Amino acid sequence: MQRTSNPLVGAGKTILKARTFECMGTVIGLTMPVDFLTEGQPGLVELAAATAVVERLFHELDETFSLYRPDSEASRLARGELKLPQASARMRERYAEAHEWRLRTEGAFTPERPDGVLDLSGIIKGHAIGEAGTSLLALGRGDWCLNAGGDVLVSGSPHPGTAEPWKAGIVDSADRRTLITGYALGGNSPHTAIATSGSAERGEHIWRVGSSAEFIQVTVAAADIVTADVLATAIVAGGTRMLDRAAGGWDVAVLAIRADGSMLATPGFQPA
Amino acid sequence: MKLRGTVAAALASAGILLAGWQTGTQVNGISTVASSTTATGTTGATGSGSSGAGSSGAGSSGAAGSSGPTGSSSTSGSSGSSGTSGSSSSSGSGSSSGSGTYKGNTVQTRFGPVQVQITVANGKITDVTALQLTNTDGKSIQISNRAAPLLRSKVLAAQSANVQTVSGATITSNAYLTSLQAAIDAANL
């Protein structure tokens, strides 16, 4: 699935290059500043290698956790052919993590569907992104931006050696082709991860606590992607109450959009 | 003595549970840590959290294990205070057969103060209840990070040309094709 391109450009300074692949029903993209001329700087070969590592990691997790694959461990659990105590360690770890989040969010985030089927999809993508980030750092890559279907984790800067942050745009819930605002990630920003959840989100893994959704789109920036992802999901489900809880209990920035287009934002999203 | 032991053990377990929960929920170091109700239970120092909700179970309630009931229940086990005055008193009926309700110290968590109450009947714990899980007055919220209305006109709308990545609700592979992110990726191919 990887797309490659022609290394034509470059004159000693870095330019951003991206590689994408498909997994978990969406598209994952890795963007890195590459340098074609300077010895020791990552080039297209390094980008391709890094993308391959990320792609393998995503596919491995998908094989275990996808409910869309009948032969996955998650599907066998859902059908009752496998019981949790007999499940793999990685399955039980994610289950425990998801339950911990359920407690922390007072049930606004939950790993179980209303019909009782265990559904860890609300946490797996974030987990995959985080693991991929760890792998990239282990590979020696310090400057990158990883975007999995709108959830983003960054490291370093788009301009290596500087403190300049990556800039993430936030999609306007009313018009997917426009951005409503932006947020700085990495660089000198305390937050390196950002995730957005919508009430019309694919897979419907947001089970609302109340009767109706107060927010149609919630974006959370945090120091790690699982926190950002889970809290965004929880706030869509739990409304203002969960928003206040998240803003008070975690070091996060939150932007929440109501169905009528009005917005609530913590200071991190307020214009200076 | 047996009752006190049971109560002490129960409160200790509750304390450990809370402490464990607390530890487990520690994220990014908001200052919430509190010591838990302890087995010896003399005073069980209360939460050091910043939001100063006091410890209702505080005060040296004397002998072993009675950190919860601040009444005079430490000696004979037959009296028990009558639990009328507010949150800190135990309502134990205090018969020598060991029945009543006992409250642990208030422990600060990131969600506000938590206090556990146990009900004992005939020397056995029949119920464990969390009396306070949240404070509704919002004291636990960091004032500095509260959400406020944001007007669209006040937001300097970001231009897609000025961002390197886009965050939005999860999109399908098909939806990706027409997304801003796809355009940015294409520009960086």
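The values are calculated or read from the model by the stated rules, or taken from the named source; none is laboratory data. Only a predicted model underlies this, so the values are computations on that prediction, with no experimental measurement involved. Virtual Cβ from ideal backbone geometry, glycine too; neighbours counted across all protein chains shown.
Quick look at the values:
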item	result
Failed criterion for A:Ala108 (all others in (1) more than 20 Å from the chain's Cα centre (by Cα); (2) in contact (Cβ under 8 Å) with a residue 40 or more places away in the chain hold)	(1)
Number of positions in region A:137-166 that are aliphatic (A, V, I, L, M) and surrounded by fewer than 24 Cβ atoms within 10 Å (Cβ to Cβ)	4
Helices (runs of 4 or more DSSP H) contained in region A:30-120 and holding at least 3 residues surrounded by fewer than 18 Cβ atoms within 10 Å (Cβ to Cβ)	A:44-65, A:89-104
Residue ID - surrounded by the most Cβ atoms within 10 Å (Cβ to Cβ), chosen from residues in region B:100-124 that are among the aliphatic types (A, V, I, L, M) and modelled with pLDDT under 75	B:Val107
Where A:Thr196 falls short, out of the listed (1) farther than 19 Å from B:Ala183 by Cβ; (2) within 9 Å of another protein chain (Cβ to nearest Cβ)	(1)
Subset of region B:176-185 that is facing chain A (nearest Cβ under 8 Å) and assigned to a helix (DSSP H, G or I) - its residue that is farthest from A:Thr26 (Cα to Cα)	B:Ile184
Pick from region A:219-241, criterion touching a residue at least 24 places away in the same chain (Cβ under 8 Å) and over 22 Å from A:Gly130 (Cβ atoms), ranking: nearest to the other protein chains (Cβ to nearest Cβ)	A:Thr240
Close pairs (6 angstrom Cβ cut-off, 6 or more residues apart or separate chains): more than 7 Å from chain B (Cβ to nearest Cβ) in region A:251-272, part of a loop (DSSP other than H, G, I, E, B) anywhere	A:Ala253/A:Thr266; A:Ile257/A:Ser173
Index of the failed condition, A:Thr134 passing every other in (1) surrounded by 15 or more Cβ atoms within 10 Å (Cβ to Cβ); (2) under 22 Å from A:Ala223 (Cβ atoms); (3) of a type in the set (Val, Ile, Thr)	(1)
Qualifying residue in region A:151-162 (condition: at pLDDT below 90 and more than 23 Å from A:Gln217 (Cα to Cα))	yes
Strands (runs of 3 or more DSSP E) enclosed by region A:125-206 - at least 1 residues per element that are among the aromatic types (Phe, Trp, Tyr) and over 21 Å from A:Gly238 (Cα atoms)	A:144-148, A:166-172, A:175-185
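Residue by residue, here is whether (1) more than 28 Å from A:Leu47 (Cβ to Cβ); (2) within 12 Å of another protein chain (Cβ to nearest Cβ); (3) among the acidic types (Asp, Glu) holds:
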| position | (1), (2), (3) |
| --- | --- |
| A:Arg79 | yes, no, no |
| A:Met91 | yes, no, no |
| A:Ala96 | yes, yes, no |
| A:Gly116 | yes, no, no |
| A:Thr134 | no, no, no |
| A:Gly149 | no, yes, no |
| A:Gly161 | no, no, no |
